[in-house]
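First the structure, in the form of structure tokens, and then the observations on it.
Derivation of every value follows stated rules applied to the coordinates shown; laboratory data play no part. Everything numeric here is computed off the predicted structure, so don't read it as measured data.
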Amino acid sequence: MALRATYLCENCGNNFDATSGNLMRSKEFRCSECDSTEYVLYGEVEAFDHKCKKCEGKMEVFNYPMCQKCKTRKVKIVQNLMMID
Ligand SMILES: [Zn+2]
Ligand SMILES: [Zn+2]
């Protein structure tokens, strides 16, 4: 289940909303460069090329979204907004 939440960056103090986590039928990948997300069906994960469509960075599994201001993932949830199946 994915969670939409408000995050606080522990590095620079930025507050931002982001969605993170796997959906019922698809797995979440995030770009290590720009944090763009892509949901890949579980049956298609092996064929996934792990390439970001926006910047050609590497798509990986991360537990946390990236702060767009300072590009770190030293973030924590301050408020849960919505659960998404
Ligand atoms: Zn930050
Ligand atoms: Zn990217």
Requested in this report: Could you pull out every one of the lysines with an alpha carbon less than 22 Å from that of Lys51, ignoring same-chain neighbours closer than 8 positions?
Outcome: Lys27, Lys71
Query - Euclidean distance of C-alpha centroids, region 4-30 and region 35-75, integer Å - result: 11 Å
Query raised in the report: Out of every Cα-Cα pair in region 5-51, what percent are more than 13 Å apart?
Result: 64 percent
**Report entry** region 1-80 - percent relative contact order, Cα under 8 Å, separation 6 or more
**Finding:** 36 percent
Requested in this report: Express the Stokes-Einstein translational diffusion coefficient of the chain in µm² s⁻¹, to the nearest whole number, given a Kirkwood radius over alpha-carbon pairs, 37 °C and a viscosity of 0.692 mPa s.
Outcome: 249 µm²/s
Requested in this report: Could you calculate the contour length gain from Glu56 to Asn80, that is, 0.36 nm times the residue separation minus the distance between their Cα atoms, to one decimal place in nm?
Outcome: 5.6 nm
